[in-house]
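Since the structure comes first, as structure tokens, the remarks are kept for the end.
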Amino acid sequence: MRTPDIFIGGVGTFIPPLVSVKWAVARGLYPALDVETHELGGAAIAGDLPAPEMALRAAQQAVKRWGGSPKEFDLLLYASTWHQGPDGWPPQSYLQRYLVGGDLLALEIRQGCNGLFSAMELAASHLTAVPERTSALLVAADNYGTPLIDRWSMGPGFIGGDAASAIVLTKQPGFARLRSVCSQTITDAESLHRGDEPLFPPSITVGRTTDFSARIGQQFATRSPAAVAMADVPQWTADLVDRALTEAGIGIVDIDRVGFMNYSREVVEQRVMAMWSLPMSRSTWEYGRQIGHCGASDPILSFDHLVDGGELGPGDHMLMLGTAPGVVLSCAVVEVLESPPWAK
């Protein structure tokens, strides 16, 4: 999807204190052998701080940096991957009460770890559909410190980190431009993250632990159609990125930094960087390995880190990539137009 007239007005993040894998290994929470294999450093852990409260703090920062009024938004999209509060209660309502008010469309996006990519597509469409609409607030937040999921063994090659992120998309001038955003679903791989678990009753309602490693392992052990389909992921990814770059009007040589999900070194290197013969120094792996895989927040956390530290400046382009159950592949191209006032 081409998004030539969609700008980024502000970005906000909330990252709780970090805990090292050494700490986890010493307590028997993380296998010592995985330290060398995956080279992960740790994870952000929020304790009992609710995800919606983290989302509010990230959103407040984004709005402050943007400089507009929170009452100006025409759309609020809240992306999540894990439970946010009492079942049946919409977390976006928390931000409506304490920040943006109730005079706008507010929705929760359940697209797994690609939630913010989907939110970008929806927000861009929503804003361009009506001339009077100007700005949208996109947020993501998760706290995995709950029963029925183990952050230290959530899935192969990553540790679950707690965090929140927020981004203001606007038709008004901003410090960066969203050049394009694209998604693709590999439908034959649908069962990869479902495994052989029944659809009903839902696992959470019967106290069944969420273990993506076990589900994915079962699919590969049985050579399911989903496991076979995963062999096509590199080609699907290459095609998707090519489409996003074409829509942005640039080539891979114009990409200065690549932000993938906060996975292990071998996953980031083999699944992404090596595909275009890019060095790991142009990835965000070194940053992401310290905070963990923070659900849908990964791309915005990395983008904010790079902009804030001056590693992305005027004229630079960032390619954001993500994958989610479905199996869904997503990417976005962002161009920095000017250094924002808050950057170091």
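The values are calculated or read from the model by the stated rules, or taken from the named source; none is laboratory data. If you're wondering where the values come from, they're calculated on a predicted model, not measured in any experiment. For neighbour counting, all protein chains shown are included, and Cβ atoms are generated from backbone atoms with ideal geometry for every residue, glycine included. Accessible surface areas use protein heavy atoms only, side chains included; no ligands, DNA or RNA. Shrake-Rupley method; radii C 1.70, N 1.55, O 1.52, S 1.80 Å.
Hey, can you grab everything whose amide H is under 5 Å from the amide H of ILE159? Only 5+ residues off in sequence or another chain; H modelled, so Pro and N-termini drop out.
Residues meeting the amide H criterion: HIS293.
For the chain, which whole-number percentage of the solvent-accessible area (1.4 Å probe, protein heavy atoms only) is attributable to carbon and sulfur atoms?
That fraction is 54 percent.
Near PRO50, within a Cβ-to-Cβ distance under 13 Å, what is the net charge of the other residues, with Lys and Arg +1 and Asp and Glu -1?
Charge balance in the 13 Å sphere: -3.
Comparing SER165, SER125, SER183, which has the greatest mean-square fluctuation in the GNM of the chain with Cα pairs linked when under 10 Å apart?
SER125
Between the range 47-91 and the range 115-187, what is the C-alpha centre distance in whole Å?
Using only Cα atoms to place each centre, the spacing works out to 11 Å.
Gain in length, GLU39 to ASP103, computed as 0.36 nm per residue apart minus the alpha-carbon separation, to one decimal in nm?
Extra length available between GLU39 and ASP103 comes to 18.4 nm.
Note down the nm distance, to one decimal, between modelled labels 7 Å out along Cα→Cβ at LEU29 and at SER339.
Distance between label points: 3.8 nm.
Please give the per residue accessible area of the chain, computed with a probe of 1.4 Å over protein heavy atoms only, in Å².
41 Å²
Starting from 0.36 nm per residue, how many nanometres of slack lie between THR146 and ARG282 once their C-alpha separation is accounted for?
45.5 nm
Calculate the spin-label point distance for THR205 paired with VAL233, positioning each point 7 Å from the Cα along the beta-carbon direction, and give it in nanometres.
For VAL233 paired with THR205, the spin-label model returns 3.0 nm.
Calculated FRET efficiency, THR246 and HIS126, Cβ-Cβ r, R0 41 Å, to nearest 0.05?
0.95
As a test, work out the antiparallel percent of DSSP beta bridges whose residues both lie in the chain, rounded to the nearest 5.
70 percent
Is the C-alpha gyration tensor of the range 137-245 telling us rounded, prolate or oblate? Criteria: a/c under 1.5 is rounded; beyond that, a/b larger than b/c is prolate, otherwise oblate.
Oblate is the answer for the range 137-245, as a/c is 1.5 or above yet b/c matches or exceeds a/b.
Counting only helical runs of four or more DSSP H residues, what would the 222 nm mean residue ellipticity of the chain come to if each run contributes -39,500 (n - 2.57) and the total is spread over all its residues?
Computed mean residue ellipticity for the chain: -8500 deg cm²/dmol.
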